[in-house]
Number of protein chains: 10
Amino acid sequence: MGMFRNRDEVTEAIVLARIHAGLSWAEVASRLGLSKEWVTAACLGQMTFSAEQADALCGILQLDPAAKPFLTRPPMKGTFNGRPPDDPLLYRFYEMLSVYGPAIKELIAEEFGDGIMSAIDFSMDLQREPDPKGDRVRILLSGKFLPYKVF
Amino acid sequence: MGMFRNRDEVTEAIVLARIHAGLSWAEVASRLGLSKEWVTAACLGQMTFSAEQADALCGILQLDPAAKPFLTRPPMKGTFNGRPPDDPLLYRFYEMLSVYGPAIKELIAEEFGDGIMSAIDFSMDLQREPDPKGDRVRILLSGKFLPYKVF
Amino acid sequence: MGMFRNRDEVTEAIVLARIHAGLSWAEVASRLGLSKEWVTAACLGQMTFSAEQADALCGILQLDPAAKPFLTRPPMKGTFNGRPPDDPLLYRFYEMLSVYGPAIKELIAEEFGDGIMSAIDFSMDLQREPDPKGDRVRILLSGKFLPYKVF
Amino acid sequence: MGMFRNRDEVTEAIVLARIHAGLSWAEVASRLGLSKEWVTAACLGQMTFSAEQADALCGILQLDPAAKPFLTRPPMKGTFNGRPPDDPLLYRFYEMLSVYGPAIKELIAEEFGDGIMSAIDFSMDLQREPDPKGDRVRILLSGKFLPYKVF
Amino acid sequence: MGMFRNRDEVTEAIVLARIHAGLSWAEVASRLGLSKEWVTAACLGQMTFSAEQADALCGILQLDPAAKPFLTRPPMKGTFNGRPPDDPLLYRFYEMLSVYGPAIKELIAEEFGDGIMSAIDFSMDLQREPDPKGDRVRILLSGKFLPYKVF
Amino acid sequence: MGMFRNRDEVTEAIVLARIHAGLSWAEVASRLGLSKEWVTAACLGQMTFSAEQADALCGILQLDPAAKPFLTRPPMKGTFNGRPPDDPLLYRFYEMLSVYGPAIKELIAEEFGDGIMSAIDFSMDLQREPDPKGDRVRILLSGKFLPYKVF
Amino acid sequence: MGMFRNRDEVTEAIVLARIHAGLSWAEVASRLGLSKEWVTAACLGQMTFSAEQADALCGILQLDPAAKPFLTRPPMKGTFNGRPPDDPLLYRFYEMLSVYGPAIKELIAEEFGDGIMSAIDFSMDLQREPDPKGDRVRILLSGKFLPYKVF
Amino acid sequence: MGMFRNRDEVTEAIVLARIHAGLSWAEVASRLGLSKEWVTAACLGQMTFSAEQADALCGILQLDPAAKPFLTRPPMKGTFNGRPPDDPLLYRFYEMLSVYGPAIKELIAEEFGDGIMSAIDFSMDLQREPDPKGDRVRILLSGKFLPYKVF
Amino acid sequence: MGMFRNRDEVTEAIVLARIHAGLSWAEVASRLGLSKEWVTAACLGQMTFSAEQADALCGILQLDPAAKPFLTRPPMKGTFNGRPPDDPLLYRFYEMLSVYGPAIKELIAEEFGDGIMSAIDFSMDLQREPDPKGDRVRILLSGKFLPYKVF
Amino acid sequence: MGMFRNRDEVTEAIVLARIHAGLSWAEVASRLGLSKEWVTAACLGQMTFSAEQADALCGILQLDPAAKPFLTRPPMKGTFNGRPPDDPLLYRFYEMLSVYGPAIKELIAEEFGDGIMSAIDFSMDLQREPDPKGDRVRILLSGKFLPYKVF
C-alpha cells in the first residue's frame, strides 16, 4: 500500500501522471483497448479495473504499483453529494433532466411499459458532431430496459 | 382565461385529454409534425407552443381554447425543486451524471476546450434499440458546443 | 376520467375502499393471485397494473372504473422527497442501511465484483418469524446482480 | 494510544491491513467465528468488539495493539450524514425503501399491529442465489418486532 | 368513512372537539384510564387506539364514529420533516440533545455497553416540579435498553 | 497555548487521556465533585470549567496545562450541524421528540401556559433502571419553566 | 369554533380586519395597552392572548368571537421552516447575526460568562431614529442573561 | 506573507494571541479607539482594518506583521453556511427573528414604508443591564432605513 | 377586501388581466410612467405601489379595486425559498454569480473598499442588443455602493 | 507538477503572489491585455488560460511554472455548493435575482420569446459610477440570447 492511503489519493496521482505523460484520455483508453468514456470514468475513481487493466494502466502512466489494489476494488461511486452539480457543463445535464425528464418518463412508458433504463448495463459514446452553425456535442446513451418484476 | 387559472391546470387537462382521446404521445407529435420528445415536454409544461401549434393541439385533444394563452407563453421550467429526482427511472439519469459526469467534463475539455454543451440549442431522440439480450433504450443527445467567451 | 384528477386521488380512494370492504391487503392480493408485497405497493401508487389486474381490483374494491386508466399507467414513484423517512418503522430501514451499508457494499464486491443488486428485477417477501423471545419480522430481499458493463 | 487518534484512523488501518493480509472479509469473519455481515460492519467502524474479539482481530490482521481501545468502545454510527447515499449499489436500497416502504408499513401493521422491526435486535444474511437468468443477491433481514408501549 | 378523508382531518376534528367539550388533555386521558402523555400523542395522530379506546374517545369528545377506522390503524408518525423543530419550546429539546447527546452516548456505553434506549418500549411522564426560584418542568423518560445483537 | 490550536484538539486529548488513565466518566466526575452528566458534556467541549475545575481536571487526566485556557472559555456548542443525528442511539431521542413533541407542547401549555422548558437552567440525570423484562435507561430532565414575557 | 379551522385562518382574518378597520398596528396595541411589538407578533400568531386581551382584540377589530379559543392557546411558533428568511428586510437580520454573531458570543462570554440571552424573558422596542443623513431604525433588544447551570 | 496562508489562519493566531496577552476584547478595542463590537467582529475575520489599525493591532497583540495584508483586505464574510446557527446563544437570535420577524416587517412598513434596515450602515452596542431579577443583555441595533428605489 | 384573500391572489389576477387586456408589460409600464423592470416586478408582487399608482394600475387592467390595499402594502419578497432557481433562464444568473462572484467581490474591494452594492437603492435596465452573430440581452445593474460603517 | 497538487493550491498561490507583487487585479489584467473581470475570475480558478496567457501570468506574478498545466485546463467551476452565498456583497446579487428574477423572465419572454441569456457567450463590465448622492457600482451584463430549439 505504501504511498497511498485511499482511492482519492490514487485518483489525484493518476490525474497528475497523465498530464506528466503528455497523453490524452483518448490515448490512454486506446492503449488499454477500451472506450475513452469508460477509461476516463475509471481513472477518476468511478469504475473497477481488472488486474490486467490495472497493470497496464500503471505501465502507461508510470504509476506506483501500490495503486493496483485500489484500482481493482469497487470504489464508492458518485460525485455530487446528493445535490445538483455546480459546474456549468455538468449542471446543463441536470437541467436537461429537470426539463425533459417527465417527457422521457412518458415516452419510455409508452414504448416499453413500467421499468427503467439501466445505468449499470449501460454505455455512452461522446463525439464531436461537425455543424456549420457550430460543432455540436453528440452523446449517445444506451442502457438496457429493465421491466419492473411483478411478483 | 375562464376555466384555467395557471399553466399547471392546463397541463393536467392535457394529460387527461390525451388519455381520453386514446392517442399516444408519438401520435400527438406526429399530427403536429414535430418530434415526440419536444411535444411531450411541451405538453407537460416545459416548452412554448407557437400560436399555430397551440391551435392544432387544442384541436387534436379537444382542449378548451382558453388553454391557448397559457400554451404560447414561456413557462417556468424545471421539475425537481433543486433535488435529485425520486422516481427510479429519472434517478438513473442523475446517477449516470454523478458517476460519468467528471469523465464527460474531461472529454469535452479534451475535444473542444473550455465550454459547455448547450441545453437550449439542444435536441434529443429516444428509440428502442432491439437487442437479443434484452432491448435497450437509446437516447441521443445533441447540443451545440458553446465556448466560454474570453473578454 | 370523471371523478379522479390524478393518481393520488385514486390511491386515497383505494385506501378508503379497502377498509370499507373489510379486506386485508393479503386478502386483496390473494384474490388477485399476486403477492401481498407487490399488490400493496401497487395499490399505494408505486406499481402498474395490467388491464386485467386493474379490472379485477376495481371489482374487488368496488372502485369506480374511472380509476382504471390511472392504475394502468406507470406512476411517478418514490415517497420520501429525497430525505430519510420520518416514520419510525420506515426510518429503521434507512438506519440499517446507514449502519450496514458499507459492509453490504464490501460483501457484494467480494462475492460478485463491481455492480449492484437490482431494485427493479427485485422481489421481497415479508413474514412473521415466531420466536419465543418475541416474534420477529423476516424480510427476504431478492434482486438480480447486475455487473457494471465495461465498454 | 500512540499511533491512532480516533476510530476513523483505525478503520483505515484495518482496510489496508486486510488487503495486505490477502484475506477476504468472509475469511476474517470465519477466523473470528462470527458472521461476515457483522464482522465487516464492525471492522468498518459500526459495531463494538469484545476484548477477546479485538485481540483476535489484531492478531489476524497484524494490527497495532493500540487499536484495541478504539475497537472495544461503542462508535458513533451511521455513514450517510442524513442524506440518501450517492453510491449506486447503496442507493438501490434507499430506493427500495422509498418505493416499497409504505407497503411494508401497511403489512407489518396488518400482521403485528403498531410497532417497528428492530434495527438493533437485528441480523442480516447475504448470499449469492444462483439463477439461470443471472445470479441474484439474496438478503435476509431479521428483526424483532417491537410493539409500541401503551402507558 | 364519510366525513373524513384521512387521519389529519380526524386529528383536526379532535383538536376542535376537545376545546368545544371544555376538557383538558389530562381529563380526556383520565376518562380513558391512560396517561396524559400517551393519550395526547395518540389524539394528535401519533399512536394507535384499540377499538375500545376509540369508541370511548368518540364518546368523550362526541366525535363522529367515522373517525374510528382512522383511530385504530397505525398512523404515519413523526412531525418534523427531517428538520429541527421551529417552535421554541420544541427546539429546546433538540438543543438539549445537540449539546448533551454525545455525553448521553458515552454514559449509556459506560453503563450498558453498545446499544440504544428504545423509543418504542418507552414511556414518559411530565410533571410540574415546584421550586421557590420558579417552578420547573420535570420530564422522566424511561426506555428499555436494547443491546446490539452480535451475530 | 503551545500544543493545542483549538478546543477540538483539547477534546481529543481528553478522550484519549481518560482511556489512558483507566477512569470511567463517572469516576472523573466523582473526583471533580460534580455530576457525570455535566462533566462528560463539559469534557466533550460543550460546557465551561471554572479555573479550579480546569486545574483539577488537568491533574486527574494528566493533561498538559496548555489546555486550561481552552477549558475555561465558553465553547461554540452544538454537535449536529442543524440536522437530526445519524447515530442510532442519538437518533432515538430526535424521534421521541418528533413523535411526542406536539403532545409535550400541549401538556406544558395546559399546565404552565405559554413558555418553554429551559435548556440552560437545566439538569439531567441518567440511571440504570433494573427491570426483570430487561433493564431500562431512565433519564430525568429538569428545566425551569420560562413564561413568555408580555410587554 | 365555527368559521375557523385553525390559527392560520384566524391570523388571516386579523390581517384583513385591521386593514378594514383602518387602524395601524400601533393603534391596535395602544387600545390594548400593550407594546406595538408584542401585539403585532401576537396578532400574527406568535404569542398568546389572555382571555381579556382576546375579548378586547375581537372588539377592536370586529372579529368573530369564534377566534377567541384560538387566540388564547399557545401557538406553534416560528415562521422560517429552518431556513434563512427570503424577504430582504428579514434577511438583513439573519446577516447581521451571521457577521456579528461570533463577536456577540465573545462579548457576552467576556461580560457574563457562559450562558445565553433569553429569547423568552425578552422584549424589544423599535423606533425611528431621526438622522440628517437619513433616518435610522433603532431596535433595542433586552433579554435576561441565563447562566448555564453547573450540576 | 510567510507564516499565514489565508485569513482563517490569521484569525486563529489573533484568538490565541489575545489570550496570551491577557487582554479582554474590550481592552483591545479601547486601545484601538474603536467599539468592542466592531473590533471583535473585525478580529474574528468579518471586518477590514485600515493600515493604521492593522499596525496598531499587530503591536497590541504582538502579531507577526505578515498578518497585515490579510487584515486590510475585505474578507469573505458570514459564518453560518446558510443554516441557522447551532450554538444556543446564537440560535436564540435566529429564533427571535423567526418569532418576531413578521412583526418587525409590519412595524417598519408602518413607520417607514417599503425598504430595509441596513446591515451595512449599521452599528450595534451590547451592554449589561442591571436588573434585580437577574441582569439582562441589552443590545441596541441601529441601521439606516433604506427605501426601495422606484424607477 | 372581498374577492382577494392575500397578495398572491392579487398577483394571479394581474397576470390574467394583463393577457386579457392584450397589453405587454412594457405598455403597462409606459402608461404608469415607470420603467418596465420596476413595474413588472411590482405587478408580480415584489414592490409596493403608491395609492395613485395602484389606482392607475387597477384602471389599466380593469382590476377589482379590492386589490388596492394589497398593492399598497410592502409585500413579503423573494421567490426562491432559499435555493437556486430551477428555471433555466433564471438559473443562468445564479450561475454567473457562482462563477464570477468572487471576482466581483475582489473588483469592488479594489475600487471601493469594503462594502456592498445595494440591492435596494438599485435599478436595472434590460435591453435587446442587436448583434450580427445573434442578438444579445443587455442588463445594466446600478446600485449605490454602501461602505461598511466603522464604529 | 511539483509544488502544486491541484488547482486550488495554484489559486492560493496566485492570491498571495499578487499581493506580494503589489499589483491590482486591474493592473494584472492590463498587462495581459484582457478585461479585469475575466482575468480576476480566471485567476480565482473559474476560467482557462491559453498557453501564452499562462506564461504571461507566471511572468507577471513570478509564479512557479509548475502552475501552467493547471492554468490551461478547464477547471471545475462554481463556488457556492448549491446554496445562496453567505457573503453580504455576494448575497445582494442572489437577492436581486430572487426579487427581480420573475420580472426578468417576463421581459425577456416579451422581447425575445422562449430562451435564455447565455452565461457562456457572456461578458460583464464593472465600473464606478460617480453620483453626488454616493457613487454607484455599475455592472453591465451582456449575454447572447439563445432561443429554445424546436425539434
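The values are calculated or read from the model by the stated rules, or taken from the named source; none is laboratory data. It should be emphasised that the depicted structure is a prediction, and the values quoted were computed from it without experimental measurement. Note: ideal-geometry Cβ built from the backbone for every residue, glycine included; neighbour counts use all protein chains shown.
Miscellaneous remarks
- Exclusive hit being under 24 Å from I:Arg83 (Cβ atoms), more than 15 Å from the chain's Cα centre (by Cα) and crowded, with 20+ Cβ neighbours inside 10 Å, set B:Asp8, B:Asp86: B:Asp86
- Residues of region A:75-109 satisfying the condition of being among the hydrophobic types (A, V, I, L, M, F, W, C) and either touching a strand residue (DSSP E or B) at 6+ places or on another chain (Cβ under 6 Å) or in a helix (DSSP H, G or I) (or both): A:Leu89, A:Leu90, A:Phe93, A:Met96, A:Leu97, A:Val99, A:Ala103, A:Ile104, A:Leu107, A:Ile108, A:Ala109
- Qualifying residue in region D:56-70 (condition: under 18 Å from the mean Cα position of the chain (by Cα) and acidic (Asp, Glu)): no
- Meets criteria (within 13 Å of chain I (Cβ to nearest Cβ), within 17 Å of I:Lys105 (Cα to Cα), in contact with a Phe, Trp or Tyr (Cβ under 9 Å, 6 or more places away or on another chain) and assigned to a helix (DSSP H, G or I)) for J:Ala42: yes
- Of the listed requirements (1) within 14 Å of chain G (Cβ to nearest Cβ); (2) of a type outside the set (Ser, Thr, Tyr); (3) closer than 30 Å to C:Ser24 by Cα, E:Arg83 misses just one: (3).
- Residues being within 25 Å of C:Ala119 (Cβ to Cβ), in contact with a helix residue (DSSP H, G or I) (Cβ under 6 Å, 6 or more places away or on another chain) and surrounded by fewer than 20 Cβ atoms within 10 Å (Cβ to Cβ) - total across region C:15-31: 1
- Identity of the residue in region C:46-63, assigned to a loop (DSSP other than H, G, I, E, B) and in contact with a Phe, Trp or Tyr (Cβ under 9 Å, 6 or more places away or on another chain), that ends up surrounded by the fewest Cβ atoms within 10 Å (Cβ to Cβ): C:Thr48
- Within region A:21-38, at least one residue is closer than 24 Å to C:Glu106 by Cα and away from chain D (no Cβ under 14 Å).
- All positions within region H:19-39 that are out of contact with any strand residue (DSSP E or B) (no Cβ under 8 Å at 6 or more places or on another chain) and in a loop (DSSP other than H, G, I, E, B): H:Gly22, H:Leu23, H:Ser24, H:Gly33, H:Leu34
- The one condition from (1) touching a residue at least 60 places away in the same chain (Cβ under 8 Å); (2) outside any strand (DSSP E or B); (3) not basic (Lys, Arg) that I:Met124 does not meet is (2).
- Taking the criterion of being free of Cβ contacts under 8 Å to residues at least 12 places away in the same chain and surrounded by fewer than 21 Cβ atoms within 10 Å (Cβ to Cβ), the only residue of region B:32-45 that qualifies is B:Gly33.
- Flag for J:Leu16 being outside any loop (DSSP other than H, G, I, E, B) and either at the interface with another protein chain (Cβ under 7 Å from one of its Cβ atoms) or on the phi > 0 side of the Ramachandran plot (or both): yes
- Hits in region I:127-151 - residues which are within 16 Å of H:Ala119 (Cα to Cα) and not in a loop (DSSP other than H, G, I, E, B): I:Gly143, I:Lys144, I:Phe145, I:Leu146, I:Pro147
- Selection within region B:122-151: residues that are charged (D, E, K, R) and within 12 Å of chain J (Cβ to nearest Cβ). The member of this set that is surrounded by the fewest Cβ atoms within 10 Å (Cβ to Cβ) is B:Asp125.
- Number of the exception - H:Ala67 against (1) aliphatic (A, V, I, L, M); (2) more than 9 Å from every other protein chain (Cβ to nearest Cβ); (3) not in a helix (DSSP H, G or I): (3)
- Near pairs, Cβ below 6 angstrom, 6+ apart or cross-chain, from region F:58-75 (free of Cβ contacts under 8 Å to residues at least 60 places away in the same chain and hydroxyl-bearing (Ser, Thr, Tyr)) to any residue that is buried (at least 19 other Cβ atoms within 10 Å of the Cβ) and not in a helix (DSSP H, G or I): F:Thr72/F:Phe49
- If the condition is being farther than 15 Å from J:Leu97 by Cβ and of a type in the set (Gly, Ala, Ser), then region I:124-151 contributes I:Gly134, I:Ser142.
- Scanning region E:17-26 for residues being more than 16 Å from the chain's Cα centre (by Cα) and farther than 30 Å from C:Ala21 by Cβ gives a total of 6.
- If you go through region F:96-121 and keep only what is acidic (Asp, Glu) and more than 7 Å from chain E (Cβ to nearest Cβ), you end up with F:Asp114, F:Asp121.
- Scanning region F:111-121 for residues that are acidic (Asp, Glu) and in a strand (DSSP E or B) gives a single hit, F:Asp121.
- Which listed residue, of C:Ala103, C:Ala66, C:Ala119, is small (Gly, Ala, Ser), surrounded by fewer than 19 Cβ atoms within 10 Å (Cβ to Cβ) and either under 25 Å from C:Ile19 (Cα atoms) or not assigned by TED's automatic domain parsing to the domain that holds C:Met47 (or both): C:Ala66
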